[in-house]
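The values are calculated or read from the model by the stated rules, or taken from the named source; none is laboratory data. Just so it is clear, the model here is predicted, and its values are computed rather than measured. Because the Cβ atoms are built from the backbone with ideal geometry, glycine has one as well, and the counts that use them run over all protein chains shown.
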Amino acid sequence: MYIKRYHATVLVLLGLFLSGSLSAQVHEFKLRNGLKILIKEDHRAPVVVAQIWYKVGSSYEHNGITGVSHVLEHMMFKGTEKHDAGEFSKIIAANGGRDNAFTSKDYTAYFQHLEVSRLPISFEMEADRMRNLTLPVEEFKKEVEVVMEERRMRTDDKPRSKMYEQFYATAFNSNPYGQPIIGWMDDLINLNINDLQMWYEKWYAPNNATLVVVGDVNPKEVLKLAERYYGSVPRTPNVKPLKPRFEPKQDGPRYLKVKAPARLPYLLMGYKVPVVKTAKEEWEPYALEVMAGVLSSGSSARFTKKLVREKQIVAQASAGYNLYARQSELFVIDATPAAGKSIEAVQQAIVDELELLKTQPVSQQELDRIKAQVVASKVYEKDSLFYQAMQMGTLETVGLGWQRLDEYPDKVRSVTAEQIMQVANKYLIEDSLTVAELVPVSMKQAKKKN
């Protein structure tokens with residue numbers, strides 16, 4: 001983002017954001033079968049987004065069935081007793097809508113974007129496939145092959161994707177975030193229809209789901225529709241809290257080299273950090289969020305200004321952090337060396353910048369600019385019905401509650417330069433660091449290795 005170009009607009013938007021509480025605009029209901037419903041009115045256009053969120057993703061899986069959540073997402077489009085395979089998306093398209101789904105570490109969600117009068121169609125079909133999938137064996141065999149090919153194309157044949165996968169697997173021993181969302185290839189090969197059936201019956205139920213509706217709607221009418229279509233869907237007694245899988249303390253840096261046919265080397269650095277759900281000090285995740293902005297938010301951020309333009313040691317560098325997760329995460333830094341620069345030199349230059357964060361307070365001017373940018377990124381998401389629903393669905397499904405979204409602007413604005421120094425000193429330490437290096441090799445070398 002370029003703060004100089006829209007600074008006045010940002011201030012206006014921040015004022016609107018802070019004066020209009022999201023909590024006051026969202027209507028929450030719960031059906032007798034346990035289905036939670038969140039409805040937010042947005043009357044700018046006669047359209048609606050409906051999302052159904054299930055509290056299950058790759059972090060719920062165990063060894064031997066990794067990838068089962070993602071494969072089941074594919075199978076959700078393969079028919080019920082009422083609707084044949086592929087019919088779901090055809091009906092949505094015939095009614096002028098769009099639909100899709102996504103699987104993450106902490107959730108699986110399905111969504112439709114429709115003209116508002118077509119909302120009953122979404123509800124009828126989603127309620128049907130919530131408990132009535134037929135899971136045909138032949139369709140399962142085809143979809144597993146599709147997922148395996150997706151894995152080959154998006155991970156195995158893409159050096160950086162393969163590197164990220166091995167990076168997380170190295171960083172986490174117990175925390176299930178070390179498992180790939182798409183699953184390990186051997187687990188996909190050995191996955192069977194019974195694995196999917198058990199996973200579906202255990203997790204896909206109204207008492208493990210949240211329905212989020214945002215658009216040109218009347219909350220009372222939406223509730224009546226939900227009761228009509230979802231109200232008779234039976235709850236399941238199988239949904240129980242997961243046993244905790246806490247990551248043991250790391251006692252030293254971990255290093256990984258990935259050799260793959262690539263044009264340029266690449267560096268990943270990850271430090272173990274808490275998130276909003278796991279932090280003992282509630283301000284720490286927001287300080288980490290602002291710190292990521294200080295390092296790489298916009299053209300005036302430190303990485304771009306100092307490492308790219310002044311020192312010309314990297315072609316690009318960024319820092320990222322997901323504060324809304326179910327378990328503790330990584331504060332990730334990535335970089336591509338400039339021509340003729342080594343990975344070692346790049347890593348040292350990054351460490352030097354991190355050391356400055358530990359010893360020298362961020363100036364008030366820099367802090368104000370970064371806070372405006374960080375909060376503005378959330379404000380602009382409100383322009384999209386889809387991302388309004390995403391924000392609520394994510395917070396609700398990871399166990400924070402959608403109400404926590406109201407906290408974000410004030411929590412970010414209250415971060416001090418001293419707090420950034422504190423989290424830098426506490427978490428950006430060598431003993432919690434994992435480093436991965438992509439080492440380019442020729443295609444001939446890569447084939448010989450395999």
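Looking only at residues in region 293-310 that are farther than 15 Å from D334 by Cα and hydroxyl-bearing (S, T, Y), the one that is surrounded by the most Cβ atoms within 10 Å (Cβ to Cβ) is S300.
Scanning region 102-141 for residues that are assigned to a strand (DSSP E or B) and either among the β-branched types (V, I, T) or not assigned by TED's automatic domain parsing to the domain that holds I189 (or both) yields a count of 2.
Looking across region 128-145 at every residue that is surrounded by 15 or more Cβ atoms within 10 Å (Cβ to Cβ) and hydrophobic (A, V, I, L, M, F, W, C), the one that is nearest to L225 (Cα to Cα) is identified as M130. Return yes or no: is K426 assigned by TED's automatic domain parsing to the domain that holds R263, assigned to a helix (DSSP H, G or I), farther than 29 Å from F102 by Cα and not β-branched (V, I, T)? Taking the combined requirement at face value, the residue satisfies it. Quick one: count up the residues across region 87-101 that are closer than 27 Å to N192 by Cβ and part of a helix (DSSP H, G or I). Going through region 87-101 one residue at a time, the tally reaches 3.
Yes/no matrix, rows are residues, columns are (1) touching a residue at least 12 places away in the same chain (Cβ under 8 Å); (2) touching an Asp or Glu at 6+ places or on another chain (Cβ under 7 Å); (3) within 27 Å of N173 (Cβ to Cβ):
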site: E289; (1), (2), (3): yes, no, yes
site: N322; (1), (2), (3): yes, yes, yes
site: L330; (1), (2), (3): yes, no, yes
site: L354; (1), (2), (3): yes, no, yes
site: E366; (1), (2), (3): yes, no, no
site: K382; (1), (2), (3): yes, no, no
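Does region 325-346 contain at least one residue that is at pLDDT 95 or above, under 27 Å from S299 (Cα atoms), touching a Leu at 6+ places or on another chain (Cβ under 7 Å) and in a helix (DSSP H, G or I)? Checking region 325-346: at least one residue is at pLDDT 95 or above, under 27 Å from S299 (Cα atoms), touching a Leu at 6+ places or on another chain (Cβ under 7 Å) and in a helix (DSSP H, G or I). Only residues that are within 15 Å of E126 (Cβ to Cβ), assigned to a helix (DSSP H, G or I) and not hydrophobic (A, V, I, L, M, F, W, C) were counted in region 214-242, giving 4. Residues considered: V398, V375. Of these, the only one that is closer than 30 Å to I37 by Cα and touching a Pro at 6+ places or on another chain (Cβ under 6 Å) is V375.
For (1) within 18 Å of S384 (Cα to Cα); (2) modelled with pLDDT of 95 or more; (3) not aromatic (F, W, Y), each residue gets a yes or a no:
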residue	(1), (2), (3)
H7	no, no, yes
G20	yes, no, yes
P46	yes, yes, yes
Y54	no, yes, no
T66	no, yes, yes
S69	no, yes, yes
M75	no, yes, yes
A94	no, yes, yes
F102	yes, yes, no
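Among the residues here, A349 does not qualify as buried (at least 22 other Cβ atoms within 10 Å of the Cβ), assigned to a helix (DSSP H, G or I) and not assigned by TED's automatic domain parsing to the domain that holds Y168. Residues in region 157-177 that are free of Cβ contacts under 8 Å to residues at least 60 places away in the same chain and over 17 Å from S58 (Cβ atoms): 2 in all. Cβ separations smaller than 8 Å between residues 6+ apart or across chains give the following pairs from region 431-450 residues that are surrounded by fewer than 20 Cβ atoms within 10 Å (Cβ to Cβ) to residues that are modelled with pLDDT under 90: V441/K449.
Selection within region 235-274: residues that are exposed (fewer than 12 other Cβ atoms within 10 Å of the Cβ) and modelled with pLDDT of 95 or more. The member of this set that is nearest to T170 (Cα to Cα) is Y255. The residue pairs whose first member lies in region 408-421 and is in the same structural domain as Q391 (by TED's automatic domain parsing), whose second member is surrounded by fewer than 18 Cβ atoms within 10 Å (Cβ to Cβ) and at pLDDT below 95, and whose beta carbons are closer than 7 Å, counting only pairs six or more residues apart or on different chains, are Y408/K378; P409/L18.
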